[in-house]
Amino acid sequence: MEKKIKVLFVCVHNSARSQMAEAFLNHLAGDRFEAQSAGLEPGTLNPLAVETMAEAGIDISGNQTKGVFDFFKSGAMFNYVVTVCDGANAERCPIFPGVTQRLHWSFADPSALEGTHEEKLAAVRRIRDEIKASVELFVEQTVG
């Protein structure tokens, strides 16, 4: 059996974007990939991310937020580290040893959204769908 391609998704708080990307990759291609996620400053799981992922049939409600520097200090190795935050925060991500390829996918920050609950929910749905499309393209380009 071939080894799975290891991917780490990183955002600021590991509360929404990286959690969604991890869940989609494991859900859509878990037979070929092993995805994890982490944050630069781990926070609390975003309830809107949990709600919109449940709408997509994926339960992330039991996930914990994790720190990227904990993975780094443990010597964890990844084939890909994908930052899913803005460019300035992506630059704060540590350089992992080995043959890690770094990718950057910029998505709006769900924690920075303003408006009513319904407006925020609609915006997080759009972010979720953008992340899913990026994950699907990544799988197609990586394993064909």
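The values are calculated or read from the model by the stated rules, or taken from the named source; none is laboratory data. The structure presented is a predicted model; accordingly, all values stated were derived computationally and were not measured. Here Cβ is always computed from backbone atoms with ideal geometry, including for glycine, and neighbour counts include all displayed protein chains.
Structure notes:
- Each residue in the stretch 95-125 was checked for being out of contact with any strand residue (DSSP E or B) (no Cβ under 6 Å at 6 or more places or on another chain), of a type in the set (D, E, K, R) and surrounded by 14 or more Cβ atoms within 10 Å (Cβ to Cβ), and 3 pass.
- Pair list, Cβ < 7 Å and 6+ apart or interchain, from the stretch 71-85 residues that are touching a residue at least 12 places away in the same chain (Cβ under 8 Å) and buried (at least 20 other Cβ atoms within 10 Å of the Cβ) to residues that are assigned to a helix (DSSP H, G or I) and charged (D, E, K, R): 84/17; 85/17
- Criterion (assigned to a strand (DSSP E or B) and either within 15 Å of residue 128 (Cα to Cα) or touching a Leu at 6+ places or on another chain (Cβ under 7 Å) (or both)) met by exactly one of 54, 35: 35
- Filtering the stretch 93-115 to residues that are in a loop (DSSP other than H, G, I, E, B), modelled with pLDDT of 85 or more and either over 18 Å from residue 67 (Cα atoms) or out of contact with any helix residue (DSSP H, G or I) (no Cβ under 8 Å at 6 or more places or on another chain) (or both) leaves 105, 106, 107, 108, 113, 114, 115.
- Top-ranked residue in the stretch 77-92 [being farther than 20 Å from residue 29 by Cβ and either part of a strand (DSSP E or B) or touching a strand residue (DSSP E or B) at 6+ places or on another chain (Cβ under 8 Å) (or both); ranked as modelled with the highest pLDDT]: 85
- Single match in 35, 21 (criterion: within 14 Å of the chain's Cα centre (by Cα) and free of Cβ contacts under 8 Å to residues at least 40 places away in the same chain): 35
- Residue 138 being surrounded by 15 or more Cβ atoms within 10 Å (Cβ to Cβ), modelled with pLDDT of 90 or more and not basic (Lys, Arg): yes
- Residue list for the stretch 12-32, restricted to those being closer than 20 Å to residue 108 by Cα and assigned to a helix (DSSP H, G or I): 17, 18, 19, 20, 21, 22, 23, 24, 25
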